[in-house]
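In what follows, a structure is listed as structure tokens, so that the remarks can point back to it.
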Amino acid sequence: MDKYEVLKHFFGHSAFRRGQEGLIDAILAGRDVLGVMPTGGGKSLCYQVPALLLPGVTLVISPLISLMKDQVAALKEAGVSAAYINSSLTLEQLRTVYSRTRKGAYKLLYVAPERLEGEGFAELVRELEIALLAVDEAHCISQWGQDFRPSYLKISTFLDALPVRPVVAAFTATATATVQEDIVQLLALQDPVREVTGFDRPNLFFDVRHPKSRMAALTKLVEERSGRSGIIYCSTRGGVEKVCKALEDRGIPATRYHAGLEPEERQQNQDDFQFDRKTVMVATNAFGMGIDKSNVSFVIHCNMPKSLEAYYQEAGRAGRDGEPADCILLYSAGDITTAKFLIENGGNEELSPEEREAVRKHDYERLNAMVDYCKTAGCLRGHILSYFGQRQDGPCGHCGNCQGDFVEEDVTVPAQMILSCVVRVRERLGYYVGKTLITQVLRGSRDQRVLELGLDKLSTYGLMARLSAGRVRELMEFLELEGCLRVNPLHSTLEPAGQARQVLFEGQTLSMPVRKDRVQEKKPGKDRPAPSASESGRLLDALQGLRSRLAQAEGVPAYIVFSNAALADMALRAPRTMEEFLEVSGVGRVKAAKYGEAFLRVIKECSEN
Ligand SMILES: [Zn+2]
């Protein structure tokens with residue numbers, strides 16, 4: 001049989017899907033491969049077809065017992081001999097699988113990564129002819145993926161111990177460029193053939209809006225889509241309640257879903273949406289796992305998610321039926337402040353300081369990519385695809401930016417302000433400084449460092465007091481692109497670059513493309529009166545103090561009372577009532593009843609001082 005016959009005979013397909021054939025050919029030719037395809041993109045076929053064509057047995061490393069069971073059951077159904085080895089087997093069953101494996105009864109043997117180390121297994125594999133080792137969910141090997149599994153790191157040791165190295169094929173549905181590099185390196189793939197494919201969802205229309213009033217923009221978008229099924233994501237339970245109520249008030253059949261609801265109500269609301277009794281679901285990101293509703297025709301995000309992975313996964317719940325669908329993100333500069341605060345204060349307590357620092361750095365990288373998506377004037381689809389490592393030929397022509405009207409905004413004056421501030425600070429201090437300090441000076445900040453260095457005496461101090469920090473940063477980034485500023489790679493300081501002189505002294509003008517519907521945006525959304533960073537910081541200290549006292553009194557680790565993330569969110573929201581307290585992420589009813597009053601008291605005291 002050849003690969004086409006195998007495909008037809010065992011799997012019932014007459015053609016390969018995009019990306020599959022190249023990987024299969026590479027494996028058959030003895031090359032290592034790395035395949036990145038979204039779930040449902042046909043990854044498993046890429047190793048199952050070669051397994052049936054190659055001599056001996058193919059080992060498949062898979063992390064989830066349930067997944068293994070399903071795959072093996074499906075293969076048996078198709079007439080392929082396969083088995084699995086994992087902790088769900090009894091000793092008797094394990095013996096049977098071992099002895100049948102020795103007799104060459106299986107073409108595919110699925111193995112949990114923990115099993116690779118076992119003495120019995122090592123003995124078994126020495127007797128086998130292993131043609132191919134397929135690693136499913138290969139991103140589990142990377143510490144920077146969401147699902148790191150230390151047992152995956154054992155795979156390369158296992159490979160080294162084999163008498164003959166088989167072809168190694170790694171597959172994953174979620175891998176950014178960094179994670180892909182990790183996979184290649186940690187699995188020691190040899191010059192692998194790479195295929196990143198299937199991430200594009202051509203029927204989805206992407207757009208990012210910067211509305212002055214989120215609620216007004218949102219209700220308009222939903223009313224324009226009246227009668228169609230859609231999901232609206234909000235970052236907080238309070239947001240969900242508010243939006244759902246506003247839509248219901250306007251006669252839109254909406255329901256809601258978040259972790260603060262009783263399980264019965266959650267189930268009821270989910271069913272109402274699933275069976276189209278309510279057309280609009282307003283939810284936190286707790287909603288969506290395991291939802292398989294094909295006719296969702298729009299997904300609107302009221303807040304920016306913390307990463308593009310998260311965004312694409314949630315937005316991707318639209319248009320599963322292949323019909324045209326919209327994915328719209330409503331963005332405001334306040335979203336960035338919130339996200340940063342949560343990164344700074346929400347570390348995982350079980351990590352070492354070095355690990356926490358690395359995670360923090362990674363969180364920032366992900367956040368920056370998300371912010372770039374919200375601000376780019378380029379093709380939105382292209383931005384997403386390139387983030388996942390899939391190439392796109394030119395702009396898509398079918399996203400908000402590709403179709404948006406752009407106007408040129410003259411930014412010569414603000415550009416001159418920024419450039420001369422960089423120069424003046426250098427004159428005063430004798431060295432260049434970073435973006436943050438320059439932004440503070442321009443916005444007239446009373447920050448201690450600014451005052452200590454005497455930068456409030458500069459003529460450029462406070463020149464941009466009316467602009468948001470985000471806007472100043474955006475202008476700086478534009479100046480970098482235009483070659484007027486550069487960031488010194490060694491010291492991360494902001495320095496004038498080649499074109500600065502023309503703009504400062506030679507009358508060159510600068511204009512920046514801005515989408516017409518964003519021209520008005522000057523201030524961060526007024527619907528989020530976020531407390532200033534220093535206020536939240538002070539409150540956080542007080543909350544942490546209370547947490548340690550409570551933890552000590554109960555003899556439990558502090559994070560059992562509340563996690564860092566919950567405290568950070570609490571400090572940011574500064575809830576006043578028990579109801580508001582319940583909106584804090586990580587606060588359930590039991591904990592609210594137990595600790596709520598004590599924390600509310602501290603918050604009240606803190607705000608009165
Ligand atoms: Zn586009």
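The values are calculated or read from the model by the stated rules, or taken from the named source; none is laboratory data. Just so you know, these numbers come straight off a predicted model, no measurement behind them. Neighbour counts are summed over all protein chains in view; Cβ atoms, including those assigned to glycine, are modelled from backbone coordinates with ideal geometry. Accessible surface is based on the protein model in full, side chains and every heavy atom, while ligands, DNA and RNA are left aside. Shrake-Rupley method; radii C 1.70, N 1.55, O 1.52, S 1.80 Å.
Which listed residue (F148, A122, L475) has the Cα farthest towards the positive end of the charge dipole for the chain, taking +1 on Lys and Arg C-beta and -1 on Asp and Glu C-beta about the Cα centre? Most positive-ward Cα: L475.
Averaging the sequence gap over all C-alpha pairs within less than 8 Å and six or more residues apart, then dividing by the number of residues, gives segment 401-457 a relative contact order of 25 percent.
Take the Cα of R391, step 7 Å toward its Cβ, do the same at Y4, and the gap between the two points is 2.7 nm. Summary of packing: across the peptides 174-185, 554-565, the per-residue average of other C-beta atoms within 10 Å ranks them, highest first, as 174-185, 554-565. A compact globular protein would have a Cα radius of gyration near 2.2 N^0.38 Å; the ratio found for segment 55-129 is 1.01. About the centre of its Cα atoms, segment 56-104 shows a dipole size close to 220 debye [charges on the beta carbon of Lys, Arg (+1) and Asp, Glu (-1) only; nearest 20 debye]. Relative contact order of the chain: 11 percent, from C-alpha pairs under 8 Å at least 6 residues apart in sequence. Solvent-accessible area per residue in the chain equals 48 Å², computed with a 1.4 angstrom probe and all protein chains kept. What the Cα atoms of the chain give is an Rg and a Dmax of 27.8, 85 Å. Within the same chain, lysines fewer than 8 places from K591 are excluded, and of the rest, those with a Cα less than 24 Å from its Cα are K242, K604. Only one residue of F158, V179, N203 has its Cα farthest out toward the positive end of the dipole of segment 150-204, where Lys and Arg carry +1 and Asp and Glu -1 on Cβ, and that residue is F158. Surface composition of the chain: carbon and sulfur make up 50 percent of the accessible area, probe 1.4 Å.
Once backbone amide H atoms are built at 1.01 Å from N, F406 has K516 as its partners under 5 Å, excluding neighbours fewer than 5 places away on the same chain.
Each of the peptides 314-326, 402-414 was scored by the mean count of other Cβ atoms within 10 Å over its residues; in descending order, highest first, they stand as 314-326, 402-414. For segment 310-322, backbone phi angles converted through the Karplus equation (6.51, -1.76, 1.60; θ = phi - 60°) give residue-by-residue couplings of 4, 4, 5, 5, 6, 5, x, 6, 7, x, 5, 7, x Hz, Gly and Pro being listed as x. Charge dipole of the chain (Cα centre as origin; +1 on each Lys and Arg Cβ, -1 on each Asp and Glu Cβ, all else neutral): 940 debye, rounded to the nearest 20. Each peptide in 386-398, 583-595, 222-234 gets a packing score, the mean of other Cβ atoms within 10 Å over its residues, and the list from highest to lowest is 222-234, 583-595, 386-398.
Our Cα-only numbers for segment 430-509 put the radius of gyration and Dmax at 12.9, 36 Å.
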